[in-house]
Structure formats: structure tokens, C-alpha cells
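For reference, the structure is listed below as C-alpha cells.
The values are calculated or read from the model by the stated rules, or taken from the named source; none is laboratory data. These numbers come from a predicted model, not from an experiment. When we count neighbours, we look across all protein chains shown, and the Cβ atoms used for this are built from the backbone with ideal geometry, even at glycine.
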Amino acid sequence: MSFHDDPRYEAVGSAQATPETLAGLETWRDLAPQQQPTYQDPAELEAVLQELRAVPPLVFAGEADVLRSRIAEVAAGRAFMLAGGDCAETFADATADKIRRRVQTVLQMAAVLTYAGSVPVVKMGRMAGQFAKPRSSDTETRDGVTLPSYRGDIINNHEFTPEARRHDPGRLLQAYHTSASTLNLLRAFTQGGFADLRRVHEWNRGFLGSNPNYHRYEQIAREIDRALKFMDACGADFEALGTVEFFAAHEALLLEYERALTRIDSRTGNPYAVSGHYLWIGERTRDLDGAHVDFLSKVHNPIGVKLGPSATKDDVLRLVDKLDPERTPGRLSFITRMGAGQIREKLPALLAEVGHEVPQVAWVCDPMHGNTITSGNGFKTRRFEDVVEEVAGFFDAHAEAGTVPGGLHIELTGDDVTEVLGGGAQIDEEGLRRRYETLVDPRLNHDQSLEMAFQVAELLTR
Ligand code: PEP
Ligand code: MN
């Protein structure tokens with residue numbers, strides 16, 4: 001793609017939003033949005049929002065359009081979407097090393113899928129904006145003390161003190177700036193040659209050679225190397241390998257933040273959320289008549305909706321009518337998270353009923369959120385085997401319905417944490433104590449992430 005053909009660099013126009021379009025961006029306010037923070041001082045909030053309304057966009061409308069066209073390929077079965085990253089990013093962990101290891105992990109998984117699964121991969125991070133968490137309870141009690149729940153770094157701090165748990169509007173700005181520095185690094189990695197497929201070996205560096213999947217990856221990397229050398233000898237043009245597309249995704253939970261970071265695209269006059277390329281609506285906030293569905297129906301980014309085991313045919317069709325009324329390929333993805341125990345019962349029925357009516361939609365598997373358990377020794381965890389079983393159930397359900405299994409949405413980190421049970425290194429309940437670092441949900445570690453990629457590659461080539 002040359003510079004001039006790339007819609008991301010199209011000349012800036014002067015299109016304006018209509019008054020109706022602008023009014024439409026405020027209607028969510030009348031719909032009692034769920035899972036929002038409660039700020040004490042409206043003036044403090046307003047000052048922050050005013051600043052956010054004026055800051056530069058983090059992502060650009062043209063980039064979101066490119067992603068939409070990539071997801072259209074996913075929906076059509078010609079590409080596979082891979083989204084991975086923390087359940088909840090934290091400000092403290094937005095360091096170069098941690099971000100790099102997460103990106104490396106996603107790139108390694110993508111290399112495995114592309115090579116072993118023979119499919120182009122649309123790469124996305126739950127990154128550079130994944131700071132707000134829905135919680136099942138507003139409060140948390142420890143040793144007789146009750147405080148507001150931790151709702152993600154964009155709202156409060158995890159530390160269990162009244163001051164830390166206060167909902168602090170200043171954190172909205174910190175989330176913006178942390179997203180900006182994270183994106184800056186992502187752009188450097190993916191545009192500056194680090195993500196070049198010719199460096200497929202280097203992505204494994206710095207990880208533990210003792211992990212079972214490390215060597216398996218090395219083997220694939222050697223094969224990719226050989227194939228690239230062969231192509232090189234044939235005179236192939238490798239310029240396209242130097243840069244890689246990597247998109248930023250997060251849950252659009254905090255509507256004041258998303259609204260303040262919505263901009264009018266000067267090419268078209270359409271609103272885009274510029275906090276990230278891809279936004280999704282969580283399982284808890286996908287109420288059809290709710291504020292989140294209303295707000296996201298007004299922005300033109302590609303969006304996702306999580307679907308748990310209670311989702312019905314009617315839910316799906318009405319969500320499509322509302323969020324994708326023009327049936328635009330790649331605009332909408334459904335991210336199913338049924339749980340290993342339910343997916344084989346629920347998903348085939350749902351797909352049989354609606355799958356063929358919405359061919360423009362991409363279906364993606366989140367094998368994490370339906371499989372959360374508490375270990376005997378009190379850790380919030382998941383079993384790797386359940387995660388893999390849900391992915392297998394997802395592929396089987398789509399095979400049965402004749403629809404497209406389009407992608408994977410997972411919680412992972414590049415670090416060698418012990419948060420999910422099982423995997424090649426056989427983490428057991430005692431092992432969870434070793435390095436359990438997540439503040440919200442358990443993540444696959446680097447080794448488990450690679451193992452997942454190998455398993456999915458097999459499912460893709462069955
Ligand atoms: C999440 O993705 O971290 C999450 C909270 O998911 P869900 O809305 O599917 O529960
Ligand atoms: Mn989570």
C-alpha cells in the first residue's frame with residue numbers, strides 16, 4: 001500500500017456534523033448508564049472533561065476505517081482476528097518492557113497462526129485504553145471494613161484505603177496520557193521494524209527457554225525463516241513486511257470519557273471515538289435500550305458486543321438492527337463468552353437461528369470470561385483446559401452451522417505470571433501463589449499464550 005492510497009493519510013477535509021448528529025451523541029445521558037463512577041465534585045469532573053474535549057485524538061478515523069475493512073475480511077472467512085492483552089491495564093504497568101513483552105506475545109501468536117494456520121491475522125491489543133472495569137458489586141468488604149470496589153485505574157486505585165478508592169476525575173486525564181504513551185510505543189514497534197516478520201526469532205528472546213512452548217515456537221520460527229529466505233532468493237518484494245498493522249481495543253465502559261474523546265471526522269462529518277480503534281460493549285452493559293448500546297450506535301468505529309450464554313436470537317437481531325442498521329461488513333463483531341460447559345449447547349443453536357442472517361458480522365471467541373472459578377486456596381483463576389475446550393467448542397459450533405469462526409479475544413500478558421491453572425508448565429493451585437499479579441481477571445502467561453496459538457492453529461487447519 002503506498003502512502004497515497006492509504007486512507008489514513010487522506011487530506012483533511014472540512015465536513016461538519018449536522019445538529020442531529022451532535023444531539024445524538026448526548027442521548028445516552030437519559031438512559032441511566034450502568035457501571036459508571038460517582039464523582040463527588042461536578043466542577044472537578046467538568047474541568048477534566050473540558051481538557052479531554054480539546055486534546056488530540058489518540059487514533060484516527062481513517063485508521064478505524066482500515067480496521068473495519070480488515071474485520072470485513074474476518075467476517076468473510078479470509079482473515080482471523082487476534083485480540084489480546086490485560087483484563088485491566090494499570091498505569092504502573094505501562095512500562096516499555098511490559099508493553100513490549102505483551103506485543104511480542106501477540107506477534108508470536110500471530111506468527112504461529114499465520115504460518116501453521118495459513119491465515120492472515122488482524123492483530124489487536126486490549127491495550128492503550130483498557131482501564132475501566134465493570135464490577136458485580138459497588139463495594140468490597142475486608143475485615144469488617146467496606147469501601148468502594150476497585151473499578152480500574154481510570155476511576156480509582158486498587159489499594160484498600162478510602163483515599164485510594166475515591167472516584168477521582170483526574171484519573172481520566174492520566175488514562176488519556178498513559179494511552180498516548182502506550183500507543184506511541186506500539187506505533188514505534190509496529191512501524192519501526194520491530195514487528196517485521198523477518199525478526200520472528202527475536203520475538204522469542206528474553207522469554208524462558210525452560211518453558212515447554214518456547215522450543216516449539218523456535219522450530220516454527222526456523223521454518224518461517226527458511227520460507228522467507230526461499231522467497232527472498234526468488235526475488236520477492238519484502239517491503240510490506242517492514243510495518244505491521246496493530247490496533248488498539250478496549251471496553252467502552254466509561255461514557256463521559258468516550259464522549260469527551262469523540263471527534264467529528266473532517267472527511268465525512270461522522271463521529272468517531274478516538275480513544276481507540278475498536279471499542280466493545282461488555283456483557284453487563286449490552287442492554288438493548290441501555291446507554292452503552294445507544295452511544296456506540298452513534299460512532300463509526302468498528303465495535304464489538306460480548307454475548308454470554310443467556311443471549312437469544314432476538315438479542316442478536318435487535319443488536320444488529322441498532323448497531324449495524326446498514327449491515328456494513330466489519331462494523332460489528334459478536335464476541336461470544338459462553339463458558340466451556342455451555343458453549344456446545346448454546347452457540348450452535350444461536351448460530352443456526354441467526355448466523356446466516358448476519359453474514360457481515362464477525363464472530364469472535366472470548367474463552368476467558370465464561371470460565372472464571374475460585375481455586376481451593378482462594379484465587380480467582382481459570383483452567384487452561386476449559387479455555388481450550390471453549391475455543392474447540394466455538395470452532396465446532398461454527399462448523400456445524402456453516403458460519404465463520406472469526407477470531408480469538410483473550411486475556412494475556414507477556415510476563416511469566418501464574419494466574420491460570422494448567423498449560424504446558426502444569427501450574428497447580430499451589431503454583432498460583434508464585435506469581436499472581438493481576439488486579440482483576442487471571443491472564444494466560446507467555447507460555448500458555450503460545451500453547452493456545454498452537455492449539456488454535458490446529459483447529460484452523462482441521
Ligand atoms: C472483560 O472483557 O474484561 C469483561 C469484563 O468481559 P465481559 O463483559 O464479557 O464479562
Ligand atoms: Mn476480564
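Brief remarks follow.
- In summary, His215 fulfils each of the numbered conditions (1) under 20 Å from Asp415 (Cα atoms); (2) surrounded by 13 or more Cβ atoms within 10 Å (Cβ to Cβ) with the single exception of condition (2).
- Only one of Ala397, Ala349 that is without any contact (Cβ under 8 Å) to a residue 12 or more places away in the chain, farther than 30 Å from Asn156 by Cβ, away from ligand 2 (no atom under 16 Å from the Cβ) and among the hydrophobic types (A, V, I, L, M, F, W, C): Ala349
- Boolean, Ala54 is of a type in the set (A, V, I, L, M, F, W, C), within 16 Å of ligand 1 (Cβ to nearest atom) and under 30 Å from Asn156 (Cβ atoms): no
- Any chance Gly77 is more than 16 Å from ligand 1 (Cβ to nearest atom), at pLDDT below 95 and either within 19 Å of Gly304 (Cα to Cα) or touching an Asp or Glu at 6+ places or on another chain (Cβ under 9 Å) (or both): no
- Restricting attention to segment 411-426 and to residues that are surrounded by fewer than 24 Cβ atoms within 10 Å (Cβ to Cβ) and among the β-branched types (Val, Ile, Thr), the residue that is farthest from ligand 1 (Cβ to nearest atom) turns out to be Thr418.
- Residue-level check: of (1) surrounded by 14 or more Cβ atoms within 10 Å (Cβ to Cβ); (2) hydrophobic (A, V, I, L, M, F, W, C); (3) within 25 Å of Leu450 (Cβ to Cβ), Ala164 misses just (3).
- One residue alone among Arg267, Arg216, Arg198 is in contact with a Gly (Cβ under 7 Å, 6 or more places away or on another chain) and either more than 16 Å from ligand 1 (Cβ to nearest atom) or farther than 30 Å from Val12 by Cα (or both), and that residue is Arg267.
Per-residue answers, yes or no, for (1) under 30 Å from His446 (Cα atoms); (2) acidic (Asp, Glu); (3) at pLDDT below 95:
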position: Gly62; (1), (2), (3): no, no, no
position: Arg102; (1), (2), (3): yes, no, no
position: Ala110; (1), (2), (3): yes, no, no
position: Val119; (1), (2), (3): yes, no, yes
position: Phe131; (1), (2), (3): yes, no, no
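- Hits in segment 80-95 (condition: more than 16 Å from Leu113 (Cα to Cα) and either more than 16 Å from ligand 2 (Cβ to nearest atom) or at pLDDT below 95 (or both)): Phe91, Ala92, Ala94, Thr95
Yes/no matrix, rows are residues, columns are (1) within 16 Å of ligand 1 (Cβ to nearest atom); (2) of a type in the set (Ser, Thr, Tyr):
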residue	(1), (2)
Ala61	no, no
Cys87	yes, no
Thr95	no, yes
Arg100	no, no
Met124	yes, no
Gln130	yes, no
Thr141	no, yes
Arg151	yes, no
Ile154	yes, no
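- The set of residues in segment 410-429 being more than 16 Å from ligand 2 (Cβ to nearest atom) and not in a loop (DSSP other than H, G, I, E, B) consists of Leu421, Gly422, Ile427, Glu429.
- Leu444 in contact with a Gly (Cβ under 8 Å, 6 or more places away or on another chain), under 21 Å from Ile373 (Cα atoms) and not charged (D, E, K, R): yes
- Unique residue being surrounded by fewer than 16 Cβ atoms within 10 Å (Cβ to Cβ) and on the phi < 0 side of the Ramachandran plot when the list is Thr114, Thr90, Thr141: Thr141
- Pairs, first within 13 Å of Val293 (Cβ to Cβ) in segment 30-44, second among the aliphatic types (A, V, I, L, M) and surrounded by 10 or more Cβ atoms within 10 Å (Cβ to Cβ), C-beta under 6 Å, six or more apart: Leu31/Ala291; Pro33/Leu255; Pro33/Ala291
- Taking the criterion of being closer than 28 Å to Glu437 by Cβ and part of a helix (DSSP H, G or I), the residues of segment 358-393 that qualify are Phe384, Glu385, Asp386, Val387, Val388, Glu389, Glu390, Val391.
- Of the candidates Arg435, Arg382, Arg443, the single residue that is closer than 28 Å to Thr312 by Cβ and either among the basic types (Lys, Arg) or more than 16 Å from ligand 1 (Cβ to nearest atom) (or both) is Arg382.
- Residue list for segment 305-339, restricted to those being within 16 Å of ligand 2 (Cβ to nearest atom) and of a type in the set (A, V, I, L, M, F, W, C): Val305, Leu307, Ile335, Met338
- Some residue of segment 430-439 being away from ligand 2 (no atom under 16 Å from the Cβ), touching a helix residue (DSSP H, G or I) at 6+ places or on another chain (Cβ under 9 Å) and either modelled with pLDDT of 95 or more or part of a loop (DSSP other than H, G, I, E, B) (or both): no
- When residues of segment 306-337 are limited to those that are in contact (Cβ under 8 Å) with a residue 40 or more places away in the chain and of a type in the set (Val, Ile, Thr), the one farthest from ligand 1 (Cβ to nearest atom): Thr328
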